[in-house]
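Values quoted throughout were computed directly from the atomic coordinates according to the rules given, and no laboratory measurement underlies them. Everything quoted here is computed from the prediction, not taken from an experiment. Don't worry about glycine lacking a Cβ; one is built from the backbone with ideal geometry, like all the others, and counts go over all protein chains shown.
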Amino acid sequence: MENCDLLITHTTALLPDMTLRNDVAIAVDRGSILALDDNAILEARYHPRTRLDGTGKVAMPGLIDAHTHVCQQLLRGRITDEPPMIWARFLVPFESTLEPEDVYWSTMLSGVEMLKAGITAFADSGGRHMGEAARAVAALGLRACIARSTMDSGGFVPENMRGSVTQNIAETEALYREWHGKANNRIHIWFALRQVMTSTPELVESVAAAAREVNTGIHIHLAEHLREVEHCVVNYRLRPAEWLDALGLLGSNVLAAHSIVLTEKEIQLLAARGVIPVHCPRSNLNSHGFPKTPLFLALGVPIGLGTDGASGGSLDLFEQARLLKSAIQAYRGLPINDAAILPVEDLLRMATSGGARALRLQSHTGTLETGKQADIILVDATAPPYSAPHLQPTQHLLRTLVMSAGAHDVSDVIVDGVVLMQERRLTQVDEAEIICKAGEHLQAITRRAGIA
Ligand SMILES: [Zn+2]
């Protein structure tokens, strides 16, 4: 018998080819997946320090929220049904008055919501005081690619939210030196550009060069709004993706959140450069809607899925996947009579391996495979007596998981081999204290920002 840290027994596992395999065990040691095989084989081989009974559960790779805003968690409930401009009336006053402690507790609350929704890793496009976000991620046990919001122009951006090119680069480099690779390499620091309308050509070129120098990622909001297209065409006679490419930004280290209002030519350009698009369906349906997801897939481009933060809804990636399926089906499938234009397998890939690729973590996470880090979630779904009438009985468990499961069905969460949630109880942080502290900070920020 060999020793191992953890053995998840009698579970049904989602394999990288998107099939389900019954009655398997998963052995975990020193943070990574040691073996995934028939339960009887691994029970005979390993002597685990801890066991987790997976009976009646589906083991999946941890979900990856490839575009979120932990700094906006305490804006929840404020912007729904509000007339424009959300950016000027709410986001700017809110974000520009955030204090470091606000960001810490905002991130802690985001993390609790993520863990309870089966999200094990996220990419944040950046707000203020992101060192505090990193400190929270270290405490939560999550995995994250964190950036600093970076803007150097735009008449609608207040002074305290933008900086010179030199300042912007220096501040991200300082964050990088302090946090990159920390918390057992669970934290990566990225560069960011908020979006094209708040970036000068000098900023774009400098961010591209600075990220290349330390081989890290760049997170940008791209082609979310028609206004971005107008801005680039009027000022530079190029569409946004073409403009960024001309400045040397586009590469396989770029995560392009939204990627909606793109021409076919721009999509081919992004694909050729290896840029990974991340769709945020709820948020996108509120602005300019329907991505050309089938074209990206036909070109073989991995796609990530994002929540775009909690300001307009929950951090539930199951819900985002379903929303994208319905949107693409209605807008792109029906007109051409294609009933399976976006199958459940593709949606699951977006929420797992596609997200991992977007975060440049494809060799660490995103699939359940020997040698990868043990980022695993268990979804309570399979065994009689059935406790989830929305999931069982079913004629096709994989389809039912995507079409009917939700955050509340995730029972256990493991990140880097550590059990962070067991039977929906968080093991590393005090959930009640975090909700209480976050509530106090929400009140204080709202008063300070004058947005009550
Ligand atoms: Zn966003």
- For an R0 of 41 angstrom, estimate the FRET efficiency from the Cβ-Cβ distance between residue 23 and residue 334 and round to the nearest 0.05. 0.55
- What ranking, highest mean first, results for peptides 76-83, 419-426, 113-120 when packing means the other Cβ atoms within 10 Å averaged over each residue? 113-120, 419-426, 76-83
- Task: Round to a whole angstrom and tell me the spacing of the C-alpha centers of the range 250-281 and the range 310-378.
- Result: 16 Å
- Fraction of the pair-distance distribution of the range 79-160 above 14 Å, Cα-Cα pairs, percent: 67 percent
- Residue-wise, which Karplus ³J(HN,Hα) couplings in Hz belong to the range 86-101, taking 6.51 cos²θ - 1.76 cosθ + 1.60, θ = phi - 60°, and x for glycine or proline? 4, 4, 6, 7, 10, 4, 5, x, 5, 5, 6, 9, 5, 9, x, 5
- Which angle from 0 to 90°, rounded to the nearest 10, does the C-alpha axis of helix 264-273 make with the longest principal axis of the chain? 70 degrees
- Message: Test of understanding: extend the Cα→C-beta vector of residue 212 to 7 Å, then name every residue of the range 126-163 with backbone N under 11 Å from that spot.
- Response: none
- Note on the structure: Residues whose built amide H sits under 5 Å from the amide H of residue 411, excluding neighbours closer than 5 in sequence, are 378, 379, 380
- How much mean residue ellipticity at 222 nm does the chain get from its helices, if each DSSP H run of length 4 or more adds -39500 (n - 2.57) and you divide by all residues, to the nearest 500 deg cm²/dmol? -10000 deg cm²/dmol
- Query: Quick one: of the DSSP bridges fully inside the range 1-86, what percent are antiparallel, nearest 5?
  - Reply: 55 percent
- Item | Table column - 3J(HN,Hα) (Hz), the range 251-261, Karplus curve with 6.51, -1.76, 1.60, x for Gly and Pro | x, 6, 9, 9, 9, 9, 5, 5, 6, 9, 7
- Query: Say R0 is 30 Å: what FRET efficiency, to the nearest 0.05, do residue 326 and residue 264 get from their beta-carbon distance?
  - Reply: 0.80
- Please report the relative contact order for the chain, taking Cα pairs under 8 Å with a sequence separation of at least 6, and give it as a percent rounded to a whole number. 21 percent
- Which angle between 0 and 90 degrees, to the nearest 10, do you get for helix 130-140 versus the longest principal axis of the chain when only C-alpha atoms count? 10 degrees
- Query: Based on the Cβ-Cβ distance of residue 427 and residue 49, what FRET efficiency does E = 1/(1 + (r/R0)^6) give at R0 = 22 Å, to the nearest 0.05?
  - Reply: 0.90
- Query: Antiparallel as a % of all DSSP beta bridges within the chain, to the nearest 5?
  - Reply: 45 percent
- Message: I need the phi-derived Karplus couplings for the range 208-225: 6.51 cos²θ - 1.76 cosθ + 1.60, θ = phi - 60°, integer Hz, Gly and Pro marked x.
- Response: 4, 5, 5, 5, 4, 4, 10, 6, 10, x, 10, 10, 9, 7, 10, 6, 8, 10
- On Cα atoms only, tilt of 165-179 relative to the major axis of the chain in degrees: 20 degrees
- Message: Treating only the Cβ of Lys, Arg, Asp and Glu as charged (+1, +1, -1, -1), what charge dipole size does the chain show about its Cα centre? Round to the nearest 20 debye.
- Response: 440 debye
- When all alpha-carbon pairs of the chain are counted, what percent fall beyond 35 Å? 27 percent
- Query: Toward the positive end of the charge dipole of the chain, about the Cα centre and with charges on Cβ (Lys, Arg +1; Asp, Glu -1), which of 285, 61, 109 goes farthest?
  - Reply: 285
- Against the rule of thumb 2.2 N^0.38 Å, how large the Cα Rg of the range 122-234 comes out: 1.07
- Message: Given the range 234-289, report the % of alpha carbon pairs whose separation exceeds 19 Å.
- Response: 29 percent
